[in-house]
Amino acid sequence: MTVKVTKDETPGGKPESVTGDLVLETKGVTLRFGGVTSLDSVELRMLRGEILAVIGPNGAGKTSLFNSLTGAYVPQEGKITFRSGKGGEHSLLGCKPHVVSLLGVARTFQNIRLFGALTALENVKIAAETRLKAGPVSIMLGLPRARKAERESDLKAHEMLSYVGLDSKMNELGGSLSYGDQRRLEIARALATDPEVLLLDEPAAGTNPTEKRELEELIRRINTERGVSVLLIEHDMRLVMSVADRVMVLNFGRKIAEGAPEQVQRDPAVVEAYLGVAPQEEPAAEGQE
């Protein structure tokens, strides 16, 4: 089912509302490692076309959630459902990571995972080639279909590098790029798989203020220009509050809050999770009860 997604822009350019059907949903997802519960009956409902941020203190279960959504971990309980805009409903529970990617869900990693000895262009081409229609025999024999697929993957890689602002560095080795450029290269590689949903795991980690502002703009462009739903893990609250339509908060593997960024920011349970204490009421003025 195709549902039109609309965003009403505020004067500052931030979406005021997002409407649409569910693109990604989890029900009762529970993940255990021995006697430790990393995710405890987590419920997530992501609308098509929105930017949903997942925040929480270190060890809250955020990356465990991403790993469960993308097939790196298999939860012991619960359901994970992806609803493609091309039609069809797919269970992601227990799917291999490459299958999740082919369905239309891509991700970046908290710890950068690039091929350091390959150029930026080659890093992105590897991802683009996952969409090739040419089979291994065609490729080995250099048949016309294989040559066409090779040209298409090359064009796709150039397009994605240009999109994230790395077109001038496409022939540089991935491992020699600055930290901020490596982050953008990971995003370009994920986009080369043509995702409907993009999971960004702490994309601003290790970047400077200028790179953070550029990343903020890039996330917005990916969402609005390419129509990609974005699920974001991030510790930089300024970035989260700037780009997110909604925020979901995890603590000790449980969801403790969800809503608009401004609403979540004031939630007593969220303040306590981050600061360790509940917010105190303002003391009454003298002579007042």
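Given the pairs 62/86; 86/212; 125/148; 27/96; 62/169, which are separated by over 24 angstrom at their Cα positions? Flagged as over cut-off: 62/86; 86/212; 62/169. For residue 24, the residues whose amide H sits under 5 Å from its own are 46, 83, ignoring neighbours fewer than 5 places away on the same chain, with H placed 1.01 Å from N.
Backbone geometry of region 212-221 corresponds, through the Karplus equation with coefficients 6.51, -1.76 and 1.60 at θ = phi - 60°, to 3J(HN,Hα) couplings of 5, 5, 5, 5, 4, 5, 5, 4, 4, 5 Hz, x marking Gly and Pro. In order along region 32-41, phi translates into HN-Hα couplings of 10, 10, x, x, 9, 9, 7, 10, 10, 6 Hz, rounded to whole numbers, per the Karplus curve 6.51 cos²θ - 1.76 cosθ + 1.60 with θ = phi - 60° and x for Gly and Pro. Once backbone amide H atoms are built at 1.01 Å from N, residue 244 has no partners under 5 Å, excluding neighbours fewer than 5 places away on the same chain. Straight-distance candidates among the aspartates and glutamates for linking to residue 79, with alpha-carbon spacing under 14 Å and chain neighbours fewer than 8 residues away dropped: 25, 40, 43, 89. Under 5 Å from the amide H of residue 39 lie the amide H atoms of 31, each residue being 5 or more positions distant or on a separate chain, with H modelled from the backbone and absent for Pro and chain starts.
Ordered by the count of other Cβ atoms within 10 Å of each Cβ, fewest first, 74, 54 give 74, 54. The listed peptides 120-127, 27-34, ordered by packing as a protection proxy, come out as 120-127, 27-34 (highest mean of other Cβ atoms within 10 Å first).
Read-outs: derived from the displayed coordinates by stated rules, not from any lab. Please read all numbers here as calculations on a predicted model, not as lab measurements. All Cβ positions, glycine included, derive from the backbone under ideal geometry; neighbour counts span all protein chains shown.
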